[in-house]
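Since the structure comes first, as structure tokens, the remarks are kept for the end.
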Amino acid sequence: MSFSLVQQPPLQTSQLICGRDKIQVGLHMGSMSSSGLNPFSGNLASSNCSWVRVRDDYVWYEMEARAGACGNVLRTNSTHVIYFNSLFIYPLANLSFALPVGLPFSCAYPLDTDASLNVAIRPDLFTGGISGSGPKARASMSLFRNSNYTESYPPGQVFLPVGSPLYVGISVEDTDPVLAAVLEDCYATHSPNPDDPTQYPLIQNKCPTDRLKVSIVESGSSLRARFSALLFLLQGEYRDIYLHCSLSLCNQRNYNCVPSCTSRAHRSVSNSAFMNPVTIGPITLDKPAE
């Protein structure tokens with residue numbers, strides 16, 4: 001049995017679009033055909049799962065931007081969430097058993113950090129291929145009125161009496177359910193600057209600093225994280241208070257992302273992707289009537 005060699009696909013005429021929800025790979029019909037490849041014959045790592053359409057002389061293969069979709073492999077590092085896959089393209093010749101040519105590709109989604117959208121990604125799963133960047137993952141934090149986390153305070157200043165329970169919810173804008181938001185550290189300050197040197201810790205190393213005053217309701221099980229804390233004066237002063245939380249995104253497929261905060265537990269080391277702190281405030285403590 002003999003196989004005919006097929007020229008590698010011309011990467012310069014291949015396009016990659018990394019959207020928040022979808023990943024699209026485009027093959028230029030003329031260039032593929034002149035290279036002896038059938039642009040309509042492609043399949044991804046998991047075959048028969050992509051949506052194919054033609055636009056502007058390109059054949060586009062589309063899949064969801066999530067782990068496992070059409071064989072997508074998810075990797076995370078300290079700055080990006082990255083999906084890897086390959087598109088396999090077959091020769092124009094109608095052979096009974098034809099070896100396809102692989103076009104590896106990756107989409108990197110920066111976290112809400114100082115990393116630029118134009119950071120050069122050097123994936124270690126393959127050499128060659130095409131790479132692209134998508135929109136940043138972002139987190140938002142809200143203060144709620146009740147322990148059911150169903151009614152949030154409007155943005156802006158909130159007035160509360162000393163000793164009030166704070167119900168804090170954080171959500172991450174991402175569509176991949178395999179990722180989970182993990183509370184790393186949460187603390188209070190008197191300024192909106194998360195780098196304020198004077199900090200009052202509420203959660204450290206994923207666990208409450210004082211179980212009598214802080215309770216983690218949800219962390220590491222979804223793209224939502226929640227905790228509650230009792231509000232007291234910081235250094236005995238009636239001054240505005242700001243809350244800050246740093247998060248990481250954990251791959252639930254590879255790790256147990258729910259922190260263990262027993263007395264003998266140690267902080268686990270995982271390949272999590274860290275996000276910039278999110279901040280809420282000011283919270284103003286009501287002074288007692290004179």
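Return the loop-located chymotrypsin sites (Phe, Trp or Tyr not before Pro) in segment 172-269 (DSSP other than H, G, I, E, B) with at most 14 other Cβ atoms within 10 Å of their own Cβ; answer none if there are none. Taking segment 172-269 and a limit of 14 other Cβ atoms within 10 Å, the loop chymotrypsin sites (Phe, Trp or Tyr not before Pro) found are Phe232, Tyr238.
Compute the FRET efficiency between Arg138 and Lys287 as 1/(1 + (r/R0)^6), taking r as their Cβ-Cβ distance and R0 = 41 Å, and round to the nearest 0.05. Present the calculation step by step, with values, prior to reporting the outcome.
Details: r = 36 Å, r/R0 = 0.87.
About 0.70, to the nearest 0.05.
Annotation: for a label point projected 7 angstrom from Cα along Cα→Cβ of Asp196, residues of segment 142-168 with backbone N closer than 19 Å are 142-144, 155-168.
Sorting Lys206, Lys22 from the fewest to the most surrounding beta carbons within 10 angstrom yields Lys22, Lys206.
The distance linking segment 211-232 with segment 21-73 is 43 Å (Cα centroid to Cα centroid, whole angstrom).
What the Cβ-Cβ distance of Ser147 and Asn48 gives, at R0 = 51 Å and to the nearest 0.05, is a FRET efficiency of 0.60. Restriction of the chymotrypsin sites (Phe, Trp or Tyr not before Pro) in segment 50-109 to DSSP coil positions whose beta-carbon has at most 13 other beta-carbons within 10 angstrom yields Phe97.
Each reported figure results from applying straightforward, stated rules to the coordinates on display, with no laboratory input. Just so we're clear, the structure is a prediction, and the values are computed from it rather than from any experiment. Quick reminder, even Gly has a Cβ in these numbers, built from the backbone with ideal geometry, and neighbours come from all protein chains shown.
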